[in-house]
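A short worksheet on the structure shown next.
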Amino acid sequence: MVLQELFNKAKNLRASDIHLITSCPPLLRIDGNLQPLDGTEPLNDDDINRLFTELASLEQRELFNRDSELDFAYNISEAWRVRCNAYRQQGSTCMAIRLLPSKIPTIDDMGLPQVCKELIMRPRGLIIITGPTGSGKSTTLAAMIQHLNMTERRHVVTIEDPVEYQIEGITQKGNTKIVKGLVPLSEVCGYATSIRSLTQGRATYTMEPSCYQEVPKHIMEKIMEGRK
């Protein structure tokens with residue numbers, strides 16, 4: 001299976017996700033349901049390892065070998081991007097790949113309540129968006145950040161793992177690699193150190209779309225209170 005061919009077929013079928021699991025053909029999630037990709041054979045360990053090697057950088061592969069799990073993003077083209085989760089299952093490498101829309105939808109496009117526009121414009125506070133996998137959490141946050149970015153002139157900084165939607169005119173920090181010249185966050189820093197540095201700096205607005213590490217209570221309180 002050629003990687004570009006796999007992505008093209010998934011996009012043409014309007015799949016939201018691709019799942020690569022040993023001993024199964026590539027699985028596509030279409031309208032919430034998993035189904036095998038027609039005309040494909042079950043994948044073996046070598047197939048998935050080869051695809052993973054094509055997607056991940058050397059540094060990312062080293063992190064995966066250390067942790068047995070890795071979240072990262074991959075640019076298929078300038079207008080097309082995917083988010084990947086690689087993990088080990090019974091000694092085999094598996095991957096779940098989310099196909100991200102080439103264009104960030106607006107709050108109105110998504111049919112979100114207008115309060116999303118009001119919340120994102122507030123000078124300080126904490127917004128928590130929750131939901132199951134595939135429910136649109138990242139896309140909702142991207143739409144809200146885009147609204148802020150297009151409406152007001154502020155220094156917007158995001159801390160993401162990995163950087164998913166690329167938004168022009170803001171600083172996006174991720175912990176795996178530089179994306180389009182954006183600022184990388186050192187892997188050893190973690191979220192707490194990153195947030196601390198932002199609250200002590202000149203950033204006038206911070207967002208944290210994805211956080212899988214524990215952040216100390218006093219750091220989160222400082223964000224909610226705003227800098228004095």
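Since every read-out is calculated from the coordinates, none of them should be taken as a lab result. Quick caveat, the model's predicted, so the values are computed rather than measured. A quick note on method: Cβ atoms are made from the backbone with ideal geometry, for glycine too, and the neighbour counts reach across all protein chains shown.
Using Cα pairs closer than 8 Å and at least 6 residues apart in sequence, work out the relative contact order for segment 17-58, in percent.
Details: 48 pairs, mean separation 14.0, N = 42.
Once normalised by length, the contact order is 33 percent.
Got the relative contact order for segment 1-151 handy, in percent, Cα pairs under 8 Å and 6 or more residues apart?
The value is 17 percent.
With a cut-off of 8 Å between alpha carbons and a minimum separation of six or more residues, what is the relative contact order of segment 13-82 in percent? The partial results should precede the final answer.
Numbers: 74 pairs, mean separation 13.1, N = 70.
Relative contact order for segment 13-82 comes out at 19 percent.
Is segment 3-100 best put as rounded, prolate or oblate by its Cα gyration tensor, with a ≥ b ≥ c the root eigenvalues, rounded for a/c under 1.5, and otherwise prolate when a/b is larger than b/c, oblate when not? If you can, show how the numbers build up before the last one.
On the way: a/c = 1.82, a/b = 1.24, b/c = 1.47.
It comes out oblate by the Cα gyration axes.
Please state, as a whole number in µm²/s, the translational diffusion coefficient that the Stokes-Einstein equation yields for segment 22-172 at 20 °C and 1.002 mPa s, with Rh defined as the Kirkwood radius across alpha carbon pairs. Each step should come with its number before you reach the end.
Working: Rh = 17.6 Å.
After rounding, the answer is 122 µm²/s.
Rounded, prolate or oblate: which one fits segment 66-147, using the alpha carbon gyration tensor with axes a ≥ b ≥ c (rounded when a/c is under 1.5, else prolate when a/b beats b/c, else oblate)? Kindly include the intermediate steps, with their values, before the conclusion.
Details: a/c = 2.69, a/b = 1.88, b/c = 1.43.
Judged from the Cα gyration tensor, segment 66-147 comes out prolate (a/c at least 1.5, a/b above b/c).
Sorted by average packing, counted as other Cβ atoms within 10 angstrom per residue and highest first, what order do 91-102, 127-138 take?
Descending packing order for the listed peptides: 91-102, 127-138.
Tell me which GluC sites (Glu not before Pro) from segment 1-82 have a DSSP coil assignment and no more than 14 other beta carbons within 10 Å of their own.
On the way: sites: Glu5, Glu54, Glu59, Glu62, Glu69, Glu78; in loops: Glu78.
Sparse-neighbourhood loop GluC sites (Glu not before Pro): Glu78.
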